[in-house]
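Here's the structure we're looking at; comments come further down.
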Amino acid sequence: MFARYAYAPNALGYCGPPLGATLRDGSVEDVRTAARRFSGAWPYLQVLTALTGIADPLDYRLVESYWLGGGVGADLDAREFVGALLAIIGPQAGRYWSHLGPDLVPEAAANHCFHVFGVYPWSRLLGHGLDEHPMSVLDNCRITWGTVLSRDGDDVEVSCR
């Protein structure tokens with residue numbers, strides 16, 4: 001299930017280490033090993049595991065809750081979630097994550113959108129005269145609905161808001 005959601009943005013270079021082929025063609029164990037290398041998604045899955053009592057971080061309920069929002073992560077206590085998340089990512093990243101703190105609690109959610117728009121450092125560059133590049137990065141990382149307009153072999157043209 002992790003590979004299902006992570007493959008496309010990973011293959012396009014938007015998230016995670018360059019593991020597209022592993023996510024596409026790897027065994028279950030290969031994908032499990034690859035998932036641990038995603039510095040954004042993996043800490044969330046660890047926190048979801050701890051706070052829900054679901055033992056496997058790659059359980060489909062946790063993976064879908066992280067990538068799509070809702071599900072088992074929707075009802076977690078925000079303060080407890082932020083505390084657990086910062087305990088994992090804070091020591092790993094040090095000053096890189098210095099913008100994170102208790103002020104994030106009101107908007108906290110155990111999902112990919114919160115990571116992109118609330119945690120990911122690019123969001124902190126908006127409004128500082130450098131908006132074009134950070135906005136492009138954030139737009140490429142967001143999950144949204146789209147309509148396929150055309151297809152030519154492996155290439156598709158998609159319209160989205």
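Please determine whether any residue of region 31-48 is of a type in the set (Phe, Trp, Tyr) and in contact (Cβ under 8 Å) with a residue 60 or more places away in the chain. Please lay out each step first, then the result.
In the first step, residues of region 31-48 are kept if they are of a type in the set (Phe, Trp, Tyr); the result is 38, 42, 44.
Narrowing the set further to residues that are in contact (Cβ under 8 Å) with a residue 60 or more places away in the chain leaves 44.
Yes, region 31-48 contains a residue that is of a type in the set (Phe, Trp, Tyr) and in contact (Cβ under 8 Å) with a residue 60 or more places away in the chain.
Does region 65-79 contain at least one residue that is more than 13 Å from the chain's Cα centre (by Cα), of a type outside the set (A, V, I, L, M, F, W, C) and surrounded by 21 or more Cβ atoms within 10 Å (Cβ to Cβ)?
Step one: of region 65-79, the residues more than 13 Å from the chain's Cα centre (by Cα) are 70-79.
From what is left, the residues that are of a type outside the set (A, V, I, L, M, F, W, C) are 70-71, 73, 75, 77, 79.
Going one step further and asking which of them are surrounded by 21 or more Cβ atoms within 10 Å (Cβ to Cβ), we end up with 73.
Yes, region 65-79 contains at least one residue that is more than 13 Å from the chain's Cα centre (by Cα), of a type outside the set (A, V, I, L, M, F, W, C) and surrounded by 21 or more Cβ atoms within 10 Å (Cβ to Cβ).
Got at least one residue in region 66-89 being at pLDDT 90 or above and hydroxyl-bearing (Ser, Thr, Tyr)?
Yes - at least one qualifying residue is present in region 66-89.
Residues checked against (1) more than 12 Å from residue 67 (Cα to Cα); (2) of a type in the set (A, V, I, L, M, F, W, C); (3) more than 10 Å from the chain's Cα centre (by Cα); (4) at pLDDT below 90:
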residue: 3; (1), (2), (3), (4): no, yes, yes, no
residue: 8; (1), (2), (3), (4): yes, yes, yes, yes
residue: 11; (1), (2), (3), (4): yes, yes, yes, yes
residue: 19; (1), (2), (3), (4): yes, yes, yes, yes
residue: 35; (1), (2), (3), (4): yes, yes, yes, no
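In contact (Cβ under 8 Å) with a residue 24 or more places away in the chain, farther than 19 Å from residue 119 by Cβ and of a type outside the set (D, E, K, R): which single residue out of 19, 23, 51, 58 fits that description? Steps first, answer last, please.
Details: 19 fails: in contact (Cβ under 8 Å) with a residue 24 or more places away in the chain; 23 fails: in contact (Cβ under 8 Å) with a residue 24 or more places away in the chain; 51 fails: farther than 19 Å from residue 119 by Cβ.
Selected residue: 58, the only one of 19, 23, 51, 58 that is in contact (Cβ under 8 Å) with a residue 24 or more places away in the chain, farther than 19 Å from residue 119 by Cβ and of a type outside the set (D, E, K, R).
Go through (1) surrounded by 18 or more Cβ atoms within 10 Å (Cβ to Cβ); (2) in a helix (DSSP H, G or I) and name the single condition residue 15 misses.
Checking residue 15 against (1) surrounded by 18 or more Cβ atoms within 10 Å (Cβ to Cβ); (2) in a helix (DSSP H, G or I), the one that fails is (2).
Report, by residue number, each residue of region 63-83 that is out of contact with any Pro (no Cβ under 9 Å at 6 or more places or on another chain) and farther than 23 Å from residue 100 by Cα.
64, 71, 72
Kindly indicate whether residue 57 is surrounded by 15 or more Cβ atoms within 10 Å (Cβ to Cβ), touching a Lys or Arg at 6+ places or on another chain (Cβ under 9 Å) and not in a helix (DSSP H, G or I).
On the way: surrounded by 15 or more Cβ atoms within 10 Å (Cβ to Cβ): yes; touching a Lys or Arg at 6+ places or on another chain (Cβ under 9 Å): yes; not in a helix (DSSP H, G or I): yes.
Judged against the criteria, residue 57 is a match.
The values are calculated or read from the model by the stated rules, or taken from the named source; none is laboratory data. The shown structure was predicted, so the numbers you read here are calculated from the model rather than taken from an experiment. Note: ideal-geometry Cβ built from the backbone for every residue, glycine included; neighbour counts use all protein chains shown.
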